[in-house]
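The values are calculated or read from the model by the stated rules, or taken from the named source; none is laboratory data. From a predicted model like this one, the values you see are computed outputs, not experimental measurements. Cβ: placed from backbone, ideal geometry, glycine included. Neighbour counts: every protein chain shown. The area values use the complete protein model at the heavy-atom level, side chains included, leaving out ligands, DNA and RNA. Shrake-Rupley method; radii C 1.70, N 1.55, O 1.52, S 1.80 Å.
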Amino acid sequence: MRKTILVLFGGCSSEHGVSLQSAQAVLEHLDRDNYQPLMVGITKTGQWLCYRGLVSDIGDGSWERDPANLTPCALAPDRDRRQLLLLGDRISRVSFDAAFPVLHGKNGEDGTVQGLLELAGAPVIGCGTLSSALCMDKHRAHLLASLAGVDVPRGTVFSQGAAPEALEAAGRALGYPLFVKPVRAGSSFGITRAARPEQLAAAVEQAFFHDREVLLEEAVPGFEVGCAVLGNPGEGELTAGWVDEIELSGGFFDFQEKYTLKTSAIHCPARISSDKAEEIREAAKRVYRALDCRVFARVDFFLTPDGRVVFNEVNTIPGFTAHSRYPRMMQGIGLDFPTLLGRLVELGIS
């Protein structure tokens, strides 16, 4: 019998639109011979809607303007049932086998939805509550990666209300240029490259708009590389895909560049030696284990001119169109998109 997979998309996040595109791609490539999707869209205001319309209407947001195919819904808390409650004229229940949150950023990738699913006893196709929360938190992820023996950038964290003098002193200690980042945000939202001290205050204000803590971080020389990891620690060897490389013409890999590539390019595989690529794969697995990741994640690093591999961040639910970085890395080792999705589902259920 086919397994029913609850696919969540949208969400209360600045990355709502990206989630729609990822979810449409996942649903279009999910093997319908083995898996029956149960589609639930989460609006920007947080309403859960069971959607029974066309998959092709998800990516551009038109799914939400199709009331005939929308039913308000909620997750049943009964741990022994794994059911979705349909809140129509009469309450009905739909059972499912596992949940695949195709959500990006806050309120979806940060452990909140994962915690709700785990309370309901539903297997999660992806990282669990703890790892999702840790990986969203740049500061605490860096602390754990460092304890695992992986190089991390120098940085200092401040909470709201921090004295301007303390921020200025941290900036001088790190040196300019530096990056100012919200501790918890995705897709580079709220990140500013401060080239001079007089740019610091505005950068900090922008970061605080996205989170209650900000990170002042040194600018690591070199370029960004990433590595896709697949598997559950303790259930056999982890699988690492090809390492890719981000080539920038200037600035940094912000939200616009990530989703338009107007002035940048992604090389997969990366234009580095096989030995260095293997070093990055092993570092990615080390970080993956240290942050309690499971099923899948993309681990990103900086590669410096002198060959140091410096940890940047983990994306527990990376972009998931057929042409996104994670699927391309796995395609490089022979896993096409439908096969990859099947592996993810089975790892989540296990």
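Where does the chain land at 222 nm, in deg cm²/dmol rounded to the nearest 500, when only DSSP H runs of n ≥ 4 count, each adding -39500 (n - 2.57), divided by all residues? Before the final figure, lay out each step's value.
Working: 10 runs with 103 residues, N = 350.
After summing the helix terms and dividing by residue count, I get -8500 deg cm²/dmol.
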Exercise for review: Please find, in a Gaussian network model of the chain (springs between Cα atoms separated by less than 10 Å), the residue of Asp57, Asp110, Asp137 whose mean-square fluctuation is greatest.
Suggested key: Asp57
Review point. Between Arg90 and Glu247, how many nm apart are label points set 7 Å from Cα along the C-beta direction?
Key: 6.2 nm
Review point. Build a GNM of the chain with springs between Cα atoms under 10 Å: which of Gly126, Gly231, Gly88 gets the top mean-square fluctuation?
Key: Gly88
Check your understanding: For the cross-link pairs Lys3/Lys138; Lys138/Lys285; Lys106/Lys285, which exceed 28 Å when the distance is taken from alpha carbon to alpha carbon?
Key -> Lys3/Lys138
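How much accessible area per residue does the chain have, in Å², with a 1.4 Å probe? Walk me through the numbers before you get to the answer.
On the way: 15050 Å² over 350 residues.
I get 43 Å² per residue for this part.
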**Study point:** Hz values of 3J(HN,Hα) by residue in the stretch 197-213 - Karplus curve (6.51, -1.76, 1.60), Gly and Pro given as x
**Key:** x, 5, 8, 5, 4, 5, 5, 5, 4, 5, 5, 5, 5, 9, 7, 7, 10
Point to revise | Net charge, Ile333 excluded, C-beta distance under 12 Å - Lys, Arg +1, Asp, Glu -1 | key: +2
Check your understanding: With labels modelled as points extended 7 Å from the Cα through the Cβ direction, what inter-label distance (nm, one decimal) is found for Ile333 paired with Ala74?
Key -> 4.2 nm
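Taking 0.36 nm per residue of sequence separation and subtracting the Cα-Cα distance, how much length would be gained by fully extending the chain between His267 and Leu119, in nm to one decimal?
Values: separation 148, 0.36 × 148 = 53.28 nm, distance 4.04 nm.
Full-extension gain reported as 49.2 nm.
With the cut-off at 1.5 for a/c, could you classify the stretch 160-210 from its C-alpha gyration tensor as rounded, prolate or oblate? Numbers along the way, then the final one.
Numbers: a/c = 2.03, a/b = 1.38, b/c = 1.48.
The shape class here is oblate.
For the stretch 191-332, give the percent of accessible area contributed by carbon and sulfur heavy atoms, probe 1.4 Å, rounded to a whole number. Provide the component values of the computation, followed by the final result.
Numbers: 2940 of 6080 Å².
Heavy-atom surface of the stretch 191-332 belonging to carbon and sulfur, 1.4 Å probe: 48 percent.
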Practice item. Specify the angular offset, from 0 to 90 degrees and rounded to the nearest 10, of the alpha carbon long axis of helix 138-147 from the longest principal axis of the alpha carbons in the chain. Key: 70 degrees
Review point. How about the chain: what cysteines have no other cysteine beta carbon under 4.7 Å from their own?
Key: Cys12, Cys127, Cys135, Cys227, Cys268, Cys293
Revision key, fill the gap. For the stretch 43-197, the charge dipole (Cβ of Lys, Arg +1; Cβ of Asp, Glu -1; about the Cα centre) points to a positive end, and the Cα of Gly46, Ala169, Pro67 closest to that extreme belongs to Ala169
Revision key, fill the gap. Once amide hydrogens are built 1.01 Å from N within the peptide plane, the residues lying 5 or more places from Arg154 or on another chain with amide H under 5 Å from its amide H are Glu218
Practice item. Go through the stretch 158-165 residue by residue and turn each phi into a ³J(HN,Hα) via Karplus (6.51, -1.76, 1.60, θ = phi - 60°); whole Hz please, and just put x for glycine and proline. Key: 10, 9, 4, x, 4, 5, x, 5
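From the Cα gyration tensor of the chain, with a ≥ b ≥ c the square roots of its eigenvalues, which class applies: rounded if a/c is under 1.5, or else prolate if a/b is larger than b/c, or else oblate?
Prolate, since a/c reaches 1.5 and a/b exceeds b/c.
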